[in-house]
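The values are calculated or read from the model by the stated rules, or taken from the named source; none is laboratory data. What you are looking at is a predicted structure, and each value in this text was computed from that prediction instead of being measured. Ideal geometry is used to build each Cβ from the backbone, glycine not excepted, and the neighbour counts take in all protein chains shown. Protein only, heavy atoms only, side chains kept; ligands, DNA and RNA dropped before computing areas. Shrake-Rupley method; radii C 1.70, N 1.55, O 1.52, S 1.80 Å.
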Amino acid sequence: MSNIGIIIEEKAANIGNFLVGRLLPFREKRAVGPFVFIDHMGPIALKDYQNFDVPPHPHIGVSTLTYLLEGSIQHKDSLGSDIEIKPGAVNWMTAGKGVVHSERTPEYLRHSEKHLHGFQIWVGLPKNLEQTEPAFHHTEADEIPVWNEGDLQFKLIAGELFGRKSPVPVHSKLFFIEIKSKTPQKLSIGKDLFGEVAMYILEGNVNIEGNTFGGKQLLVAKNATLCEFETGENATLYLFGGEPLAEEHFIFWNFVNSDKEIIEQAKLNWQEQNHEAFPLVIGDDKDFVPLPKAVLNGKLSK
């Protein structure tokens, strides 16, 4: 019997002036462990007159993780953070009861040709932290654990796995790891995994139980402890997952919470631009992403 529970094909989603490949949430799988949202951005080439611009927008109830493979994004938020995200570094912003941030092409790159490629991820917070004060943490690329085993390279972007720990200050038991193989390699790592696990194949292919899977596919395992596969030549893949959150969580636009009433209040606060609930982004307070009309009258997704 196959250990592959669901195969999710990357699908296009619009985030303003930019198309991304959405992996989660998916109608048959709303979360993997505590991971509730994953966008694969790019790779895309931007002309000298094109820029990545996501104006100030709010979050509650999640930690956002931005990890770039190529390019650069300037992150500014209502906590006063103002930092350039470069490839290999990790931006970890815990929204808690409410935070606002913007993501844009840095000023020095706005009139030159550039590329952008990476992941934007939301990790749900345990119930006792959903209303915590917002916080921001930036981890430089050289602080992320990287090690080699023969022709395999491992990079532990967040969480704990294989006896190692990333310095990214996560709030639950999880893992997000990059694996690169120069040559075909067999891996049997189920004994090291826990909770739920999904694999995203970025480059090359992976053979599982006699079936070959290629890029832009997300494979969700039925049982993480049975995870074994063979990578192709020059393959790059990501494993993410961990212990599921104890409570059911709901997603509504950028708001995640186990309490629907808190989400309803967040919608109202953002619509009315209540700056006590959602402070202005320091250094980027001239515009904002309005609350979508569909969100105002829509239904919560689980």
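Things worth noting here:
- Taken together, I179, I201, I189, I208 contain a single residue that is farther than 30 Å from F278 by Cα, β-branched (V, I, T) and at pLDDT 95 or above, which is I179.
- Among residues that are aromatic (F, W, Y), touching a Ser or Thr at 6+ places or on another chain (Cβ under 9 Å) and open to solvent by 20 Å² or more (accessible area, probe 1.4 Å), F175 is not included.
- Boolean, E143 is closer than 29 Å to I179 by Cβ, more than 14 Å from the chain's Cα centre (by Cα) and either open to solvent by 30 Å² or more (accessible area, probe 1.4 Å) or charged (D, E, K, R) (or both): yes
- Scanning the stretch 3-19 for any residue that is at pLDDT 85 or above and either buried (at least 19 other Cβ atoms within 10 Å of the Cβ) or in a strand (DSSP E or B) (or both) turns up nothing.
- Selected residue (criterion: farthest from the chain's Cα centre (by Cα)) from residues of the stretch 81-100 that are within 25 Å of N274 (Cβ to Cβ) and either among the β-branched types (V, I, T) or not in a loop (DSSP other than H, G, I, E, B) (or both): D82
- The conditions of being open to solvent by less than 50 Å² (accessible area, probe 1.4 Å) and touching a residue at least 60 places away in the same chain (Cβ under 8 Å) are met by H117.
- Which listed residue, of E160, E196, is of a type in the set (D, E, K, R), surrounded by 15 or more Cβ atoms within 10 Å (Cβ to Cβ) and touching a helix residue (DSSP H, G or I) at 6+ places or on another chain (Cβ under 7 Å): E196
- Residue, nearest to E130 (Cα to Cα), within the stretch 164-202, restricted to residues that are of a type in the set (G, A, S) and not in a strand (DSSP E or B): S172
- Qualifying residue in the stretch 225-237 (condition: part of a strand (DSSP E or B) and under 13 Å from G124 (Cβ atoms)): no
- Scanning the stretch 33-52 for residues that are touching a Ser or Thr at 6+ places or on another chain (Cβ under 7 Å) and open to solvent by 10 Å² or more (accessible area, probe 1.4 Å), we see that the one that is nearest to L280 (Cα to Cα) is N51.
- Screening V206 against (1) surrounded by fewer than 18 Cβ atoms within 10 Å (Cβ to Cβ); (2) over 28 Å from S102 (Cα atoms); (3) touching a residue at least 24 places away in the same chain (Cβ under 8 Å) leaves a single unmet condition, (1).
- Verdict on I60 being over 17 Å from F288 (Cβ atoms) and in contact (Cβ under 8 Å) with a residue 40 or more places away in the chain: no
- Considering only residues in the stretch 238-261 that are open to solvent by less than 70 Å² (accessible area, probe 1.4 Å) and assigned to a loop (DSSP other than H, G, I, E, B), the one that is farthest from S181 (Cα to Cα) turns out to be D259.
- Condition met for S72 (open to solvent by 10 Å² or more (accessible area, probe 1.4 Å) and modelled with pLDDT of 95 or more): yes
- E264 free of Cβ contacts under 8 Å to residues at least 24 places away in the same chain, open to solvent by 10 Å² or more (accessible area, probe 1.4 Å) and either of a type in the set (G, A, S) or over 26 Å from D151 (Cα atoms) (or both): yes
- Those strands (runs of 3 or more DSSP E) lying entirely in the stretch 121-163 with at least 1 residues without any contact (Cβ under 8 Å) to a residue 24 or more places away in the chain: 146-149, 152-161
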